[in-house]
Amino acid sequence: MKYILAVLVENRPGVLTHISGLISRRAFNIESIAAGPTEEVDTTRITIGVEVEDEFELEQVVNQLSKLVNVIKIANITYVDSIQRELALIKVRANKANRSDLVDVVEIFRAKIVDVNRETLVVELSGEESKIDALCEVLTDFGILEIVRTGRIAISRGPVPAKDM
Amino acid sequence: MKMLGAEVVIECLKAEEVDIVFGYPGGAVLTLYDALFKTDFPHILTRHEQGAVHAADGYARATGKTGVCFATSGPGGTNLVTGIATAYMDSIPLVAITGQVGVSLIGKDSFQEADICGITTPITKHNYLVKKIQDLPCVMKEAFYIARTGRPGPVLIDISKDVFNDTLDFVYPETVCLRGYRSLFAGNSNQIDLVIDALEKAEKPVIFVGGGVNISGTSEEMRKVINLTGIPVISSLMGLGCIPSDVPEHLGMVGMHGTYAANMATMDCDLLIGIGVRFDDRVTSLVQNFAPKATIIHFDIDPAEVNKNVRADLKVIGDLRWSLPLLCEKIVEHSITKKQWAKAEWVDLVQEWKREKPLASSLPAGGIRPQTVIEKVSELTQGEAIIVTDVGQHQMWTAQSYSFNTQRSFLTSGGLGTMGYGLPAAIGAQITLPEKDVVLFTGDGSIMMNCQELATLADNGLPVKIIVMNNQVLGMVNQWQRMFYGKRYSHSSTKGCTDFVKLAEAMGVAGLRVTKPEELNSVLEKALKMEGPVLVDVLLPETEDVLPMVAPGGRLDQMVLRGIIG
Ligand SMILES: Cc1ncc(C[n+]2csc(CCOP(=O)(O)OP(=O)(O)O)c2C)c(N)n1
Ligand SMILES: [Mg+2]
């Protein structure tokens, strides 16, 4: 089972080391992890995608992470009505002959072309993981040079922020 | 008043009522040691940083206070690692202070630089790297607060050399502000009502006590629960001492080397109440087969312990200093008494198990039985000594055969199983409890792992009594090789030229030796009466098994009760 956790942490030195150290020590199966600043200057929000056997294992992940001194709050937003996004930048081989086909694909996916040169172009897409996976698959035919993805971030719909959940 | 960073550290220690530190100097902590010199702050120089950290641990276990140790950067810090991990596994409050290279040298592979925060992240409750003197008072305050509150544990503070030399107008903060840290004390009392319901329904209950009772110092409340209810008690290695070994309800230690009665009771009970335990695999064996008929209740301060190893049907989260008094109250209120289990003949049954198969030795008459050595010391000290062990067969025999009377009287590395823990831990305990008899049971293997601390012992005139249970083998390894590896004794003999009596004497510790059974009593009596530190080298037969034994992965009721010696 896959779950998404919103983890609010104090923005102090070493906090990411503590989180990653804990994940490796407890052998948790983390699928994605994305961190960034928030509306509060001293708080960092980390979205963690975790794969677990059952709810007991999830309880362990949450309880162990909660014990870290710099972890302020963990909200399980898996079952909360929420918006989930990931950003990907994909560098694809493109020449005169296939460029227009590429542009079609990009349009179908509502992606954006953010860099063009004679040999390649860079496609930007934000969306759910599955959508990015699908685009990558199609682009494989053109020849992908490199992919960079941010990992999933998520926010609930409605007025309640994760810190108050 | 302007103060050097090093002096700030000392002032903070005073504010935290630290009365002694254990440590070892070096380049990055020279200013700190200079401050020790100038302030005449009590400090014990061990002969190895591992000695310092175990000594701080022994000090903490024996008293419940927070132990403190110092080490320099690089190798000083890495030498602390085993001791920090030892304290972490057994939830011991400790503050380790290490020096770090100068701020501008951090990250450059500078001389004696090691990323000790990175290294100790998985084995500390928390750690800090201090690069600015302004942060120092607050970090010190937080470190002590974190180490001793909630579930205690070691905290490491790595302080750059520059910080010790910088100056500051010192004010010690009165409070800490840790947004993400909750040290829970009182929990939800409804959970205790559910425990009472379960007790009312139970016919064959067992109470399983662990290190949490010793750490929280709630042995009195725990005894009260037993007195009121007469429920049979079993203990983990770490729980020994909190209930006197000789109360009739006490069935002894449970698990791999648990007693017959404790293990049988676990398998047959219909209610198992774990109090401050973590259901370690040495206790449970295969978790699927642990207490199969029982409703399991888990009392703990750490929510992450519940359902970690064993699924609990009910939990009581909170400090035992909160939950146990409340439990007593409600037991009285609902008149839960001894009659209940007597009706089900449960109490009689467990007592029968106890009588039927007491702890046995498989040794032929003639040699000195290791268990006899421990029983004799138990008798001579009337169960009132602080007992320290190393790791191996002698540790298990001590757990089984010493008759403990008080909480925090048994200091042993349970979770990590660290050979070399014993001698320095005994030093730490003796320093803080000078009036107490402190007896170390160690092995011929273990004593060599921190034998340099004999010098610390002698030079500080500490009257620790060391009993080397000298079977001339790494006995526990030997036993497994005998049982599971076709008696192929690969590298488990310590037979050689070492003379422990001379080793002791060379460092200023009196040495005695026992070679024949008839000498045992008189030599032990003499040793315990002697003024200063004494090492007694007791020559034991090579082959004796710790029994009973549950083979790894076996069921607790399938114990090997007789040895396969020969
Ligand atoms: C630091 C460390 N290394 C290795 C071990 C594995 N080990 C466990 S018990 C043991 C033998 C201990 O021998 P000794 O101290 O003579 O005790 P005995 O079992 O003979 O009583 C060993 C090697 C350990 N627990 N700790
Ligand atoms: Mg030995």
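The values are calculated or read from the model by the stated rules, or taken from the named source; none is laboratory data. Worth saying up front: this structure is predicted, and the values here are computed from it rather than measured. In this analysis, Cβ positions are derived from the backbone assuming ideal geometry, glycine residues included, and neighbour counts consider all displayed protein chains.
Name the residues in region B:333-392 that are within 16 Å of ligand 1 (Cβ to nearest atom), in contact (Cβ under 8 Å) with a residue 40 or more places away in the chain and not in a loop (DSSP other than H, G, I, E, B), would you?
Result: B:367, B:370, B:372, B:373, B:374, B:377, B:387, B:388, B:389.
Looking at region A:81-93, can you tell me whether even one residue there is surrounded by 15 or more Cβ atoms within 10 Å (Cβ to Cβ), touching a Gly at 6+ places or on another chain (Cβ under 7 Å), farther than 27 Å from residue A:39 by Cα and not assigned by TED's automatic domain parsing to the domain that holds residue A:48?
Checking region A:81-93: at least one residue is surrounded by 15 or more Cβ atoms within 10 Å (Cβ to Cβ), touching a Gly at 6+ places or on another chain (Cβ under 7 Å), farther than 27 Å from residue A:39 by Cα and not assigned by TED's automatic domain parsing to the domain that holds residue A:48.
Just name the residue that is surrounded by the fewest Cβ atoms within 10 Å (Cβ to Cβ) out of those in region A:35-49 that are among the β-branched types (Val, Ile, Thr) and more than 9 Å from chain B (Cβ to nearest Cβ).
Residue satisfying both the conditions and the ranking: A:41.
Which of the following residues is surrounded by fewer than 24 Cβ atoms within 10 Å (Cβ to Cβ) and more than 8 Å from ligand 1 (Cβ to nearest atom): B:452, B:430?
Only one candidate passes the filter, namely B:452.
Answer yes or no as to whether residue B:84 is touching a residue at least 40 places away in the same chain (Cβ under 8 Å) and outside any helix (DSSP H, G or I).
no
Which of (1) away from chain B (no Cβ under 14 Å); (2) touching a residue at least 40 places away in the same chain (Cβ under 8 Å) does residue A:52 not meet, given it meets every other one?
Result: residue A:52 passes all but (1).
Is it the case that residue A:75 is buried (at least 18 other Cβ atoms within 10 Å of the Cβ) and closer than 24 Å to residue A:19 by Cα?
Judged against the criteria, residue A:75 is a match.
Does any residue of region B:407-422 turn out to be more than 19 Å from residue B:211 (Cα to Cα), of a type in the set (S, T, N, Q) and away from ligand 1 (no atom under 16 Å from the Cβ)?
There is no residue in region B:407-422 that is more than 19 Å from residue B:211 (Cα to Cα), of a type in the set (S, T, N, Q) and away from ligand 1 (no atom under 16 Å from the Cβ).
Being touching a helix residue (DSSP H, G or I) at 6+ places or on another chain (Cβ under 7 Å), at pLDDT below 95 and more than 14 Å from every other protein chain (Cβ to nearest Cβ) is the requirement here; does residue B:335 meet it?
Taking the combined requirement at face value, the residue does not satisfy it.
Residue B:52 versus (1) surrounded by 23 or more Cβ atoms within 10 Å (Cβ to Cβ); (2) over 16 Å from residue B:432 (Cβ atoms); (3) within 26 Å of the chain's Cα centre (by Cα): which is the lone unmet condition?
(2)
Exactly one condition in (1) more than 14 Å from chain A (Cβ to nearest Cβ); (2) touching a residue at least 60 places away in the same chain (Cβ under 8 Å); (3) under 29 Å from residue B:425 (Cα atoms) is not met by residue B:302; state its number.
With (1) more than 14 Å from chain A (Cβ to nearest Cβ); (2) touching a residue at least 60 places away in the same chain (Cβ under 8 Å); (3) under 29 Å from residue B:425 (Cα atoms) applied to residue B:302, the lone miss is (1).
Since residue B:271 meets every condition but one in (1) crowded, with 22+ Cβ neighbours inside 10 Å; (2) away from chain A (no Cβ under 14 Å); (3) under 22 Å from residue B:415 (Cα atoms), which condition does it not meet?
Unmet for residue B:271, out of (1) crowded, with 22+ Cβ neighbours inside 10 Å; (2) away from chain A (no Cβ under 14 Å); (3) under 22 Å from residue B:415 (Cα atoms): (3).
Of all residues in region B:455-473, which are within 12 Å of ligand 1 (Cβ to nearest atom) and over 15 Å from residue B:389 (Cβ atoms)?
Across region B:455-473, the qualifying residues are B:472, B:473.
Which count do you get for residues in region B:467-508 that are away from ligand 2 (no atom under 14 Å from the Cβ) and either within 14 Å of chain A (Cβ to nearest Cβ) or buried (at least 24 other Cβ atoms within 10 Å of the Cβ) (or both)?
The qualifying residues number 1.
Whether any residue in region B:343-353 is closer than 30 Å to residue B:82 by Cβ and surrounded by fewer than 17 Cβ atoms within 10 Å (Cβ to Cβ) is what I want to check.
No: zero hits.
Pairs under 7 Å by beta carbon, first residue assigned by TED's automatic domain parsing to the domain that holds residue B:500 and on the phi > 0 side of the Ramachandran plot in region B:471-483, partner more than 8 Å from ligand 2 (Cβ to nearest atom) and of a type in the set (Gly, Ala, Ser), six or more apart or different chains?
B:472/B:493
Among the residues of region A:20-40, what is the count of those that are in a loop (DSSP other than H, G, I, E, B) and at pLDDT below 95?
Of the residues in region A:20-40, 3 are in a loop (DSSP other than H, G, I, E, B) and at pLDDT below 95.
Do the conditions hold for residue B:312, that is, is it within 14 Å of another protein chain (Cβ to nearest Cβ), out of contact with any helix residue (DSSP H, G or I) (no Cβ under 6 Å at 6 or more places or on another chain) and within 27 Å of residue B:340 (Cα to Cα)?
Yes; evaluated as a whole, the condition is true for this residue.
Please tell me if residue B:127 is away from chain A (no Cβ under 14 Å) and either of a type outside the set (Lys, Arg) or under 27 Å from the mean Cα position of the chain (by Cα) (or both).
Criteria not met by residue B:127.
Here is a check on your reading of the model: is residue B:441 more than 16 Å from ligand 1 (Cβ to nearest atom), buried (at least 21 other Cβ atoms within 10 Å of the Cβ), on the phi < 0 side of the Ramachandran plot and not aliphatic (A, V, I, L, M)?
The answer is no for residue B:441.
Of everything in region B:230-271, what is touching an Asp or Glu at 6+ places or on another chain (Cβ under 9 Å) and either polar (S, T, N, Q) or assigned by TED's automatic domain parsing to the domain that holds residue B:65 (or both)? Give them in sequence order.
Within region B:230-271, B:236, B:263, B:266 meet the criteria.
Does region B:415-451 hold any residues that are away from ligand 2 (no atom under 16 Å from the Cβ) and part of a loop (DSSP other than H, G, I, E, B), and which are they?
If the condition is that a residue be away from ligand 2 (no atom under 16 Å from the Cβ) and part of a loop (DSSP other than H, G, I, E, B), then B:415, B:416, B:433, B:434, B:435, B:436, B:437 are the ones that fit.
Identify, from the list B:81, B:95, B:18, the residue that is buried (at least 24 other Cβ atoms within 10 Å of the Cβ) and among the β-branched types (Val, Ile, Thr).
Testing whether each residue is buried (at least 24 other Cβ atoms within 10 Å of the Cβ) and among the β-branched types (Val, Ile, Thr) leaves just B:95.
Considering only region B:397-413, state which residues are over 13 Å from the mean Cα position of the chain (by Cα) and touching a residue at least 60 places away in the same chain (Cβ under 8 Å).
B:397, B:400, B:402, B:403, B:404, B:405, B:406
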